[in-house]
Amino acid sequence: MPTRLKPGAEVADYGQKLRPGERAPAPYAASAVPTRGRLHAEPNCTTRSPFQRDRDRVLHSSAFRRLAYKTQVFLPHEGDHYRTRLTHTLEVAQIARTIARQLRLDEDLAETIALAHDLGHSPFGHAGERALDKAMSDFGGFDHNAQSVRVVTKLERKYLAFDGLNLTWETLEGLVKHNGPLVKPGSPVAKVARHLDDWCSLALDKWASAEAQVASLADDIAYLSHDIDDGLRAGLISLDALSETPLVGRIVREVVNLDRDAETGRSIYEITRRMITVMVADVIEESRRRLAALAPASDNDVRAAGGATVAFSEHMTGDLARLRRFLFKSVYHHRKVLDVMERAEQIVRELFARYNADPASLPEDWREAFLTLDPHGRARLACDFLAGQTDRYAIAEYRRLFDATAELR
């Protein structure tokens, strides 16, 4: 069971004194005070904290299960061992728990935000997102972060008493501010979040809890490491090319020098394993330094800090920016990937146009709702239906509606 230090016995300890595996949530952890509640009041669970309950609702949602067949970088049918949106999400959650525990935060909340952060992703990853955003340009656009908030507040329909998952204020805050404060009121996420103002403002101009900041950086750590792993296994990049990149280059040279005759798969895993270790250690060290400077007495002190409390060091931030540029050039914009994604975008555009123009192409329950709406509402409904599809469902729909096979190779 997590243990708390007694009031008055608190010392300036931001996790440095934790023994391996020990939990000791601090006063600045989100769970140190009662949750701000849920949009629809519910009795407390007798066996789980509010954030554990949120986590379980995310895990049992239909949107979460569909992540198993949604693209990360490579389509699921391209290989059984490439990451999907689901395996990416699980890796983010594991890293978030590790960092949160080391910083004396509520790891259940960090894990929940990590598990929910990509629920709104469309089929075919960012290619599908680009296609939907263009198709919806006259109707408010499409953004997967905004869609994640729509999923958990409206689109999941399984409970008798409400639509959505009725998550706590703290979890919603973490999803809304996944990329930091929302200073532009016209941003897609801000527009969705404003619908909650009559219940309780999410204070969009402030930073989110430290747990939410952890989940955001865990996302970066996970995708940077596993996209290198997948890129190497797919043959899009080589160890020689990586040896000249920041952060990873040093690790590649170390691993190669350890065993020049090692199987390629073992070397690749050793490289990505060490990458994760180095990035996690950097976040923990830099965040402890920032916590010590801030000396927060509560979670609200983190929100009002005026800047990120959980962060990479300046040196690591620079290295990761250069590494991202390498990945964009060598993996995400590789001709092999672009050819597949351009075709995927075409499939999404054509499906959207068909759904929006032909209500008969929609399932009966969606069609009935579609016919009651104005053009703006119809476009959004068609977008919601398409965004929720898996890659394989979208391919099957394309075959059904256009009597054509969607070749994505």
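The values are calculated or read from the model by the stated rules, or taken from the named source; none is laboratory data. If you're wondering where the values come from, they're calculated on a predicted model, not measured in any experiment. Every residue, glycine among them, receives a Cβ derived from its backbone with ideal geometry; neighbour counts consider all protein chains shown. Surface areas here come from the heavy atoms of the whole protein model, side chains and all, with no ligands, DNA or RNA. Shrake-Rupley method; radii C 1.70, N 1.55, O 1.52, S 1.80 Å.
Annotated for the chain: lysine pairs at least 8 residues apart or interchain, Cα distance under 20 Å, count 10.
Averaging Cα coordinates gives a centre for the range 260-326 and one for the range 348-367; these two points are 43 Å apart.
Distance distribution P(r), the range 210-275, all Cα-Cα pairs, bin width 5 angstrom from 0: 3, 17, 28, 24, 12, 8, 6, 2, 0 percent.
Where in the range 191-258 are there chymotrypsin sites (Phe, Trp or Tyr not before Pro) that are in a DSSP coil and have at most 16 other Cβ atoms within 10 angstrom of their Cβ? Walk me through the intermediate numbers first.
Numbers: sites: TRP199, TRP207, TYR223; in loops: TRP199, TRP207.
Filter output for the range 191-258: TRP199.
Using all alpha carbons of the range 119-240, what is the percent of pairwise distances in each 10 Å bin, ordered from the shortest bin to the longest? Each 10 Å bin holds this share of Cα pairs: 12, 35, 34, 15, 4, 0. Magnitude of the charge dipole for the chain, about its Cα centre and with charges confined to Cβ atoms of Lys, Arg (+1) and Asp, Glu (-1), is about 320 debye.
Sorting the segments 359-367, 281-289 by their residues' average number of neighbouring beta-carbon atoms within 10 angstrom, most packed first, yields 281-289, 359-367.
With an 8 Å cut-off on Cα pairs and a minimum separation of 6 or more residues, tell me the relative contact order of the range 64-141 in percent. Numbers along the way, then the final one.
On the way: 85 pairs, mean separation 21.4, N = 78.
Taking the mean separation of contacting Cα pairs over the length of the range 64-141, I get 27 percent.
Counting only protein heavy atoms, what percent of the accessible surface of the range 138-276 is carbon or sulfur at a 1.4 Å probe? Carbon-and-sulfur percentage of accessible area, whole number: 48. Whole-Hz Karplus values for the range 378-391 come out as 5, 4, 5, 5, 4, 5, 4, 5, 6, 5, x, 6, 7, 4 Hz, taken residue by residue from phi with 6.51 cos²θ - 1.76 cosθ + 1.60 and θ = phi - 60°; glycine and proline positions read x.
Once you charge only the Cβ atoms, +1 for Lys and Arg and -1 for Asp and Glu, what is the size of the charge dipole of the range 38-124 about its Cα centre, to the nearest 20 debye? Numbers along the way, then the final one.
Details: 13 positive and 11 negative charges, 26 e Å.
With Lys and Arg at +1 and Asp and Glu at -1, about 120 debye.
Each listed q (0.19, 0.24 Å⁻¹) maps to a log10 I(q)/I(0) for the range 328-383, found by the Debye formula over equal Cα scatterers with no solvent: -0.66, -0.84. Under a 5 Å amide H cut-off, with hydrogens placed 1.01 Å from N, TYR82 pairs with nothing among residues at least 5 apart or on other chains.
Per-residue packing, averaged as other Cβ atoms within 10 Å, sorts the ranges 56-66, 260-270 into the order 56-66, 260-270, beginning with the highest.
Here the 3J(HN,Hα) profile of the range 298-307, calculated from phi with Karplus coefficients 6.51, -1.76 and 1.60 at θ = phi - 60°, is 7, 5, 5, 5, 5, 5, 9, 5, x, x Hz, Gly and Pro shown as x.
Ranking request for peptides 384-394, 36-46, 312-322: highest mean number of other beta-carbon atoms within 10 Å first, then the rest in descending order.
Put in order of decreasing packing, that is 384-394, 312-322, 36-46.
Dimensions of the range 280-402 along the principal axes, based on C-alpha atoms and rounded to the nearest Å, stand at 60, 40, 21, largest first.
By the helix-only formula, in which each DSSP H run with n ≥ 4 contributes -39500 (n - 2.57) and the sum is divided by residues, the chain has a 222 nm mean residue ellipticity of -17000 deg cm²/dmol.
Where (i) 43, 30, 17; (ii) 35, 31, 17; (iii) 32, 28, 20 are the candidate values, the label of the one calculated here for semi-axes √(5λ) of the Cα gyration tensor in Å is (ii).
Solvent-accessible surface of the range 292-363, taken per residue with a 1.4 Å probe and all protein chains present: 48 Å². By the gyration tensor of its Cα atoms, with a ≥ b ≥ c the square roots of the eigenvalues, what is the shape of the range 352-409: rounded for a/c under 1.5, prolate for a/b over b/c, or oblate? Prolate, because a/c is 1.5 or more and a/b exceeds b/c.
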